[in-house]
Structures are given as structure tokens and as C-alpha cells.
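Report on the following structure.
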Amino acid sequence: EEVDDMAVKAKKKKWGKKVGDHFEKELAKLQRMNPQVAEYSIQRNYLDLFLDLPWNEFSKDKFDLKRAERILNRDHYGLEDVKRRIIEYLAVLKLRNDMKSPILCLYGPPGVGKTSLGKSVAEALGREYVRMSLGGMRDEAEIRGHRKTYIGAMPGRIIQSIKKAGTSNPVFILDEIDKLASSHQGDPSSAMLEVLDPEQNSDFHDNFLEMGFDLSKVMFIATANNLGSIQPALRDRMEIINVTGYTIEEKVEIAKRHLLPKQLKEHGLSSKDLKIGKPQMEKIVEGYTRESGVRGLEKQIAKMVRYAAKSIAIEEEYSVKISNQDVEKVLGPARLERDKYENNQVAGVVTGLAWTSVGGDILFIESILSKGKGNLTITGNLGKVMKESATIAMEYIKSNADYFGLDSEVFGNYNVHIHVPEGATPKDGPSAGITMLTSLVSLFTQKRVKKSLAMTGEITLRGKVLPVGGIKEKILAAKRARIKELILCEENRRDVMEIKEEYLKGLTFHYVTDMSEVIDIAI
Ligand code: ADP
């Protein structure tokens, strides 16, 4: 009777003739099997999958762009450019009415709202939402499944996700597409390419299913922290939308409007039970989080909310309106002063700006002299390119000793040691070039570097300054650290021009083309 049940269900499926015929044939096989043998349950699971999959079942799209805009705005503070790009994308989709346009890829540091934007898009379109994390996936079979004959075989994660979605046109988030690893177990990126290719994905082959499944109506949205590690062919298929980090002011707004209400709701409380004012929010952002996004901030706010929830539950007195002391009572003493700019008390210490996949940060470059024979040592877990910058800086100083008023004798009589603190964090890239050089000039001349100044730029052996990436992230980090002046390459001026005025408030920019200008400003 199990077989009969399945036959009845099969009548209701909207699959095509090919799939229908295949199902009947496989069902007949099941009928001939002895229910006691292991193959029976494998075959039954196989047929169940066919019955569970949403063949040709679609939700109807709501292409009301005004409504879409409202939903995006309701769930996300700021991000004006990103929201505009998404709305434009939906507009094109509406006009063309197919999914042949490139896949959206939201690119930015963790916790800036990439996944949650995807969710809002699903809601705006009235589509189901599924999410699949690609982080660390190295086996092609995870995407495409194992053949049925394989012990413990299962369909791949794509087909599993579609089953979960229950329609054939969900919004499908491919989280961390940059973390797809390749290994000897096949290359998952090439399977991913097939999934995303409109020429091929109407007949996506899963090894377990043994039948093509139509993915062409799925709306894929990818997220990534690092564009560099996405396979180039995959990257070409995607339209990249940059979601950068937030300023302290924005974080405070996000916390007040979204994170706190959300946490209160999750804990069964209301806004009457806990109030956190702006200064206290700012204290939480600055003292307890260090990130471009707001994930850590959300966790800290959750702690505050738990404190209120617990006090209410055990009927204990507590302050509804949180003071600075309350913040410290609940979260402990403010921990993160590291991000703060430290005054340069000694020569040889310079503040640089770094950019990693988790956002911008400031870093300090220190160098010291010791008696020796002119050796250069570099420490602080630096990558190859960054070490090269140090060598270039050293050579440049040596060949321009006169210009800096240095006796070239000194180079032979001292060893130089350059260190970039926080040795546990790997650092690389050419963008600390001017910082290293400034550090060395400051060291050899024993003149301290100007206060509240930070810099980023690549150098050449001839002392030219070249532009570097991640300018917006770096500027946000500089503001977080209360830096006042920045030295950037002239060619980075246009990157700064693209940044909203409010991000730049309180900063003075110096644009340079040559190392001598850097030294004139800094020392
Ligand atoms: P990502 O995918 O970029 O790592 P998430 O989408 O998981 O980040 O966001 C982390 C949390 O922060 C979520 O709860 C999200 O709703 C919230 N969040 C991030 N950015 C914003 C924003 N601009 N407005 C409101 N909430 C935000």
C-alpha cells in the first residue's frame, strides 16, 4: 500500500513526462523488491525525494518596486547605494522577466547585513528563502550529491535546499562563495559554475537524483568577504555590489533602531523594559566591539537584554535606563582600547592603515636601532609583499641619505628591526610601504612623527607613492581610532571623492605623489 500511496501522490506532481515516466519505472522496481532488504529503503528514499521536490512549482512574484523599497528600508538602516542597486536589479528583472541577468554578489566584511539583505529581497518578491553556506566546501559531491549506489548516498546540497524551499524559484543565498575550496575530491567551483550558468542550469544534474532539475528560475544571491579568492570564471558571472562597513554614528543608529528592538522581542521584552541612550550605545560600540559590521555589537546588546530579562524574571531591581556604570557592570570593564590611536611618544613609531577581509584597521609600525652591521630584521607575522616593502624602504633611505640629512656611515653600524605589533594577526600587501619608510626616516633622524596622523600607500624604489585599495574601510578605521589627518596617494583622491561627506567629517587629507612630500608632512 506504500506503493499505492506514492502513486497517488505522483498524480499530483507537476513534473514533465520524462520525470513522470522515470518515476513510474522506479516505483515498479520498488514494488518488485523485498521490503526486508536494505535496497528497499534506499529506493523508497529515492522516490520520496521525487515526491518532495517542487517540480515546476513556483510562487508568484510581487514586482511592486515601491513595496520592495519599503521592505529594504524597514529592515536596514543606511546602505542607500546598496539598496538602490538592488532595486535597479529587480527593475531589470521585472522588465525582462527572466533570470538571465548576472547573479548578485554582495561583497563586504562580516556582519554588515549581506545575508539579511538577501532575506529582505526574498520577502519583497514574495519568494521562499533558502541559504546555503559554501564556507570550506571542498568536495564536488556536496553540491552535486553521490550516486545512489554509494552507501549512505544523499542528494547534493543544492537539491536539498530546493526541497527545503518548497518552490522552484526561491531566493537562494550562496553564503561565502569566496570560501569554496578546491581539493582532490573534485572542484566544487566548476559545479557551482554550472549551477549559475543560465545556459546549463535549466537541467542541473544531481548524481543522486539521476535526473536534471530546472534551476533557471532560482534567484541566486552570493555573498563574499574577499573578491580575490573567488574563482575568476565565477566572478565574471556575478554583479558585485560593495557593502562597506559602518561609522560609529551609523552603528549607534542601527543598534537603536534595529538590534535593540530585535533582541528585546526575542527575549519577550518590550522597549519599556530596557532603554539604552546614545552615549551608552556609543560606549558599547567603542569599548566592546571592534569590527566593520555589527555582529559583535548585536551580541553585546543581547547581553544587556539578558541582564534586564533575568532581573525581571527573579523580580530584582534593575535600571531600566542604562547608565555608563550599568554598561560596565553588565559587560565588564571596557576592553578594547587597542583601536585607539596612541600618541607617538618615540621616534620610529608610525600609524598605518590596513585592510583585511574583516574590514579596515589601524596598525602601528615600530622600528628600532641596535649596534650591529647593517642587518634588517622584520617581525610581526608579515607576508612576503609586506616584507618587500620594508626592504624597498630601507634601500630607498640608504640611497637618499643626503636628502634626509643622514650620514651614510650609520647604516653600516646599526641593525634595524621593524616590527608590526599584534604578531598573531597575519598582515600582507604593499599598502604599508609609506608607513615603513616614514618609520625608518623618523628612526634615523630621531624625530617624532606628527600626532594623530595615519597613512597608507605603496612605494617604489624611486620613492614614488602608488595608490592602494580599501580606502573607505581604512577611512572608517581611522575615524574609529580618532585619527585627524591622513596621507594618501594623489590617485586615491577619486576614491575619497566617492565617499559620503559625513564619513569624512573631521579628517584632513593630504594627497601626495612622492615620498619626500610624505616626510615633509609627517616629520
Ligand atoms: P553578513 O551577512 O554581512 O555577515 P548579517 O546579514 O548576518 O551580516 O548581519 C548581521 C546582523 O546585523 C543581522 O542581525 C542584521 O540584521 C544586522 N544588520 C546589519 N546591517 C544592518 C543595517 N544596516 N540595518 C539594520 N540591521 C543590520
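Taking Cα atoms, how many degrees apart are the long axis of helix 471-480 and the longest axis of the chain, rounded to 10 and kept between 0 and 90?
Compared with the principal axis, the helix lies near 70 degrees.
For Cα pairs less than 8 Å apart in space and 6+ apart in sequence, what is the mean separation divided by the residue count of segment 478-523, i.e. the relative contact order in percent?
After rounding, I find 48 percent.
Which is the longest run of the chain containing none of the GluC sites (Glu not before Pro) found in DSSP loop states (not H, G, I, E, B) with at most 16 other C-beta atoms within 10 Å?
With GluC sites (Glu not before Pro) excluded where exposed in loops, the chain gives 58-198 as its longest stretch.
Determine the calculated [θ] at 222 nm for the chain from helices alone, applying -39500 (n - 2.57) to every DSSP H run no shorter than 4 residues and normalising by the residue count; nearest 500 deg cm²/dmol.
When only DSSP H runs of four or more count, the value is -12500 deg cm²/dmol.
Quick check: the distance between the Cα centres of segment 377-446 and segment 228-273, to the nearest angstrom?
If you average the Cα positions of each part, the centres end up 38 Å apart.
Under the definition of Cα pairs under 8 Å and six or more residues apart, what whole-number percent is the relative contact order of the chain?
It rounds to 11 percent for the chain.
So what is the relative contact order of segment 1-90, in percent, for Cα pairs below 8 Å that sit 6 or more residues apart?
27
Hey, what's the Cα Rg ratio for the chain versus the globular rule of thumb, 2.2 N^0.38 Å?
Normalised Rg, Cα atoms only: 1.21.
With a 10 Å Cβ neighbour count serving as the proxy for reagent exposure, in which order, fewest first, do Asp206, Asp21 appear?
Listing Asp206, Asp21 from fewest to most nearby Cβ atoms yields Asp21, Asp206.
Taking θ = phi - 60°, what integer Hz values does the Karplus form 6.51 cos²θ - 1.76 cosθ + 1.60 yield along segment 41-56, in sequence order, with x for Gly and Pro?
6, 4, 5, 5, 4, 4, 5, 4, 4, 4, 6, 7, 6, x, 4, 6
So what's the angle, to the nearest 10 degrees on a 0 to 90 scale, between helix 2-12 and the longest Cα principal axis of the chain?
Approximately 70 degrees, to the nearest ten.
Quick one: work out the % antiparallel among DSSP beta bridges in segment 84-214, nearest 5.
40
Output the antiparallel fraction of DSSP beta bridges having both residues in segment 297-447, as a percent to the nearest 5.
Beta bridges within segment 297-447, antiparallel portion: roughly 75 percent.
Go through segment 228-237 residue by residue and turn each phi into a ³J(HN,Hα) via Karplus (6.51, -1.76, 1.60, θ = phi - 60°); whole Hz please, and just put x for glycine and proline.
So the J values, rounded to whole Hz, are x, 9, 8, 4, x, 5, 5, 4, 5, 7.
Given the chain, what percent of its DSSP beta bridges are antiparallel, to the nearest 5?
Bridges in the chain that DSSP calls antiparallel: roughly 35 percent.
Using R₀ = 51 Å, calculate the FRET efficiency as 1/(1 + (r/R₀)^6) where r is the Cβ-Cβ separation of Asn45 and Ile312; round to 0.05.
0.60
With a bin width of 10 angstrom, please list the P(r) values of segment 382-523 as percents of all Cα-Cα pairs, from the 0 bin to the one holding the largest distance.
11, 42, 35, 11, 1
Could you work out how far helix 114-125 tilts from the main Cα principal axis of the chain, as a 0 to 90 degree angle to the nearest 10?
So the helix axis and the longest Cα principal axis differ by about 40 degrees.
Over the alpha-carbon set of segment 58-203, work out the extent along each principal axis and list the three values in angstrom, largest first.
50, 33, 24
Quick check: Cα centre of segment 480-497 to Cα centre of segment 78-122, how many Å?
29
Loop only by DSSP, 11 or fewer other Cβ within 10 Å of the Cβ. Give me the trypsin sites (Lys or Arg not before Pro) in segment 345-400 that pass, ordered by residue number.
Sparse-neighbourhood loop trypsin sites (Lys or Arg not before Pro): Lys373.
Taking H as built 1.01 Å from N, whose amide H comes closer than 5 Å to the amide H of Ile173, not counting residues under 5 places away?
For Ile173, the qualifying residues are Val130, Arg131, Met132, Ile221.
Which pairs break 22 Å Cα to Cα here: Lys275/Lys329; Lys384/Lys447; Lys62/Lys256; Lys251/Lys472; Lys18/Lys100; Lys265/Lys310?
From Lys275/Lys329; Lys384/Lys447; Lys62/Lys256; Lys251/Lys472; Lys18/Lys100; Lys265/Lys310, over 22 Å: Lys384/Lys447; Lys62/Lys256; Lys18/Lys100.
Read-outs throughout are calculated quantities, based only on the coordinates presented, and are distinct from any laboratory measurement. Computed from a predicted structure; not experimentally measured. As a convention, Cβ positions derive from the backbone with ideal geometry for all residues, glycine included, and neighbour counts pool all protein chains shown.
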